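Presented below is the structure to which this report refers.
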Amino acid sequence: MYKRQHFNRPSPFQLSVEPGDIALIRGDSLTIRTLASGSATPATATLEMQHLEEELITTEDMRADSAHRFVHHLLNVRHSFRYRVRAGAYATPWFTAEIAERPLIRSLRVALNFPRYARIPPQRLDPNVGDIQALAGTSVQLAIDLSGPDAAAGFIVHDEGRRDTLTLSRATAEGSFIVRQEGTYHLLFVDERGIANSDPIEYTVRVVQDARPQVLVVEPEPVSELNDALATALRIRLTDDFGFSRLALNYRLAESRFGTPDAAFSTIPLTTLAPFELDQEVLHAWDLRRDTPLDPVPGDVIEFFVQVWDN
């Protein structure tokens, strides 16, 4: 005795789908390609998509090209979903597009500690401001809050290729670098899978120039005569943007009727300097008998100049 059994009629075509199951990074694009082959390939097909843990199925109509291919592009994919392709009564198996998160920078805080000589108090930039204008030698302290998967490594990446390693602690990172030259930097975080944060912001570093100190001998005149006491009063005007460290008087016997002129200058340190007064006058009573080994006679010429160093 025979038992009747029903069989579905074989489909006259087959559908192969690429990429099938796939892992994506949130924000990636996905191109689904379907190739129809067989004796009677369809001219149209439907892409069915369903977010995981949702019942709603959305559809997109597709039309085959001359090579019997159906192509559909998805941009900026944000959620995991499954998909399949249906043509007539035939449907492919469900495939899954699984979305993985990237490390994400939630907030950035920057503090600047200026060189001691500048006597500028520490400065905190506004939240999420990473562009820097500072003196060379300024220490830049970074504090970053993170979200997404835990970062396995973090770096400050400078445009010249140098990397400063960040210290990671749960959802935060800290690090620092010294301002030495102008350029740019960005923050790079990588998780255990090797996935990095996308499109990091490029911040600029601008170096504020420390101007050279200026010195002017107000008195005596450029050409003047010594008195019988072989002394003269020096009045020196100093200006700088951050202050001074040293002041020196340099002199030599340039012409002499009886002696040999000096080839090099000798130096007298001047200690009446106010290091942190940015615009000041220094008075010095220069007694050649006391301060130098010179014993000038009428007709001798003594050259001198003043040097100043900033701090």
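The values are calculated or read from the model by the stated rules, or taken from the named source; none is laboratory data. This one's a predicted model, so the numbers in the text were calculated from it and none came from an experiment. Ideal geometry is used to build each Cβ from the backbone, glycine not excepted, and the neighbour counts take in all protein chains shown. When the accessible area is computed, the model is the full protein with side chains, heavy atoms only, and any ligands, DNA or RNA have been set aside. Shrake-Rupley method; radii C 1.70, N 1.55, O 1.52, S 1.80 Å.
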Sites ARG33 and SER198, calculated FRET efficiency, Cβ-Cβ separation with R0 25 Å, nearest 0.05 = 0.50
query = Taking H as built 1.01 Å from N, whose amide H comes closer than 5 Å to the amide H of THR138, not counting residues under 5 places away?
reply = VAL179
ask   = What's the FRET efficiency of SER169 with LEU278 using the Cβ-Cβ distance as r and R₀ = 35 Å, to the nearest 0.05?
value = 0.25
key: Dmax and Rg, reported as Rg then Dmax, of the chain (C-alpha, Å)   = 39.6, 148
remark   = With the 1.4 Å probe rolled over protein heavy atoms, the chain has an accessible area per residue in Å² of 63
task = Can you check how the C-alpha radius of gyration of segment 78-202 compares to 2.2 N^0.38 Å, as a plain ratio?
result = 1.50
query = Taking segment 218-311 on its own, what percent of its Cα-Cα pair distances exceed 24 Å?
reply = 25
message = Given a 1.4 angstrom probe, I'd like the percentage of the accessible area of the chain that is carbon and sulfur, rounded to a whole number.
response = 49
note = Rg (one decimal) and Dmax (whole number) from the Cα set of segment 177-273, in Å, equal 26.9, 87
ask   = Do you know the relative contact order of segment 176-311, to the nearest whole percent, from alpha carbon pairs under 8 angstrom that are 6+ apart?
value = 27
ask   = Expressed in nm to one decimal, what extension gain is obtained for the pair TRP94 and ASP295 from 0.36 nm per residue of sequence separation less their Cα-Cα distance?
value = 61.8 nm
request  = Would you mind computing, in nm to one decimal, how far apart the modelled labels at SER107 and VAL129 are, each placed 7 Å from Cα along Cα→Cβ?
outcome  = 1.6
In Hz, Karplus ³J(HN,Hα) per residue of segment 263-268 (6.51, -1.76, 1.60; θ = phi - 60°; x = Gly, Pro) = 7, 10, 8, 9, 10, 10
query = Can you list residues whose amide H is under 5 Å from ARG102's amide H, if they're 5+ apart or on another chain and H is modeled 1.01 Å from N?
reply = ARG26
